[in-house]
1. Among the residues of the stretch 224-240, what is the count of those that are over 19 Å from residue 340 (Cβ atoms) and either crowded, with 18+ Cβ neighbours inside 10 Å or under 16 Å from the mean Cα position of the chain (by Cα) (or both)?
2. I'm trying to understand the selection: among the residues of the stretch 228-271, which are part of a helix (DSSP H, G or I) and in contact with a strand residue (DSSP E or B) (Cβ under 8 Å, 6 or more places away or on another chain)?
3. Determine, yes or no, whether residue 211 is in the same structural domain as residue 332 (by TED's automatic domain parsing), more than 18 Å from the chain's Cα centre (by Cα) and surrounded by 15 or more Cβ atoms within 10 Å (Cβ to Cβ).
């Protein structure tokens with residue numbers, strides 16, 4: 001209020017820097033002298049460009065800010081209330097990320113343990129093979145120097161050749177194991193995040209060359225946190241393994257399915273446009289929903305559902321850098337998953 005006791009009036013912008021943005025704030029009904037509320041207005045208008053936030057968090061923050069602006073009550077106590085609610089929304093989203101990170105770290109521990117065991121066994125075999133090669137080579141040199149019968153030397157040469165084959169096989173086996181551990185997620189038997197990023201980049205690069213369509217699908221197990229809270233992470237792992245099994249059974253040979261992180265699984269559909277990819281995603285959704293999941297050790301059958309988001313690589317992106325196209329695909333499909341959750345879960349939504 002001013003000295004005369006009248007209410008503060010909105011001030012219409014008169015030009016200067018940020019004139020367009022300020023006019024938008026005026027149109028939203030935010031008094032220009034309320035700097036802290038103007039800051040929230042900018043946040044609502046630009047939050048879609050923020051990195052480090054999920055589509056879910058961005059949507060909830062936008063929804064709460066829009067509600068505050070519709071109420072048009074710009075008192076300090078209301079500002080404080082909105083800030084507390086925004087902090088709670090951010091905290092809840094961070095907690096979900098931490099839960100997902102815990103699952104990823106657990107998976108990494110399993111990978112490291114398995115890798116250590118496999119490589120250790122092969123390394124021991126390799127050491128034995130190299131030792132035998134060294135011993136055989138010494139014997140060959142000794143035979144040559146002492147003029148031993150050629151037949152004995154040839155026998156040793158044959159043995160050395162066999163030792164070389166064994167060592168080479170161990171090297172190839174070790175390389176195969178290392179490649180598999182670096183490429184696949186041990187729990188779901190799908191590609192891991194590192195491999196997905198590489199595969200998506202390859203798909204975009206191919207799209208820029210031949211403009212052949214491809215689509216990206218993101219999926220998220222519904223109420224997954226409740227499974228973990230009620231039954232523990234062991235059952236959560238069983239749920240993810242079951243969902244992954246249904247996905248593997250319902251994709252084509254050239255499609256790429258990967259565990260993106262936590263309970264998020266994504267699929268790159270080669271040569272499929274948006275509507276075709278949506279139909280394929282719905283087949284998987286239905287297969288998961290019809291899966292009677294028996295919890296081992298609990299003697300309880302539960303139903304699992306998942307929500308899906310679909311987008312496609314579009315011609316208007318051709319001039320964008322590959323990394324930007326990849327980021328756009330992930331952002332749109334993730335936002336479509338959020339839309340499916342908002343619409344009631346256990347459904348497929350496409351990016352608009």
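The values are calculated or read from the model by the stated rules, or taken from the named source; none is laboratory data. From a predicted model like this one, the values you see are computed outputs, not experimental measurements. Cβ coordinates were reconstructed from backbone atoms using ideal geometry, including for glycine residues, and neighbour counts include every protein chain displayed.
1. If we filter the stretch 224-240 for residues that are over 19 Å from residue 340 (Cβ atoms), which is where we start, we get 228-238.
Subset that is either crowded, with 18+ Cβ neighbours inside 10 Å or under 16 Å from the mean Cα position of the chain (by Cα) (or both): 228, 235-238.
Looking only at that region, the number is 5.
2. Taking the stretch 228-271 first, the residues part of a helix (DSSP H, G or I) are 228-231, 233-249.
231, 235, 238, 239, 240, 242, 243, 244, 247, 248 - these are the residues of the stretch 228-271 that are part of a helix (DSSP H, G or I) and in contact with a strand residue (DSSP E or B) (Cβ under 8 Å, 6 or more places away or on another chain).
3. Details: in the same structural domain as residue 332 (by TED's automatic domain parsing): yes; more than 18 Å from the chain's Cα centre (by Cα): yes; surrounded by 15 or more Cβ atoms within 10 Å (Cβ to Cβ): no.
No.
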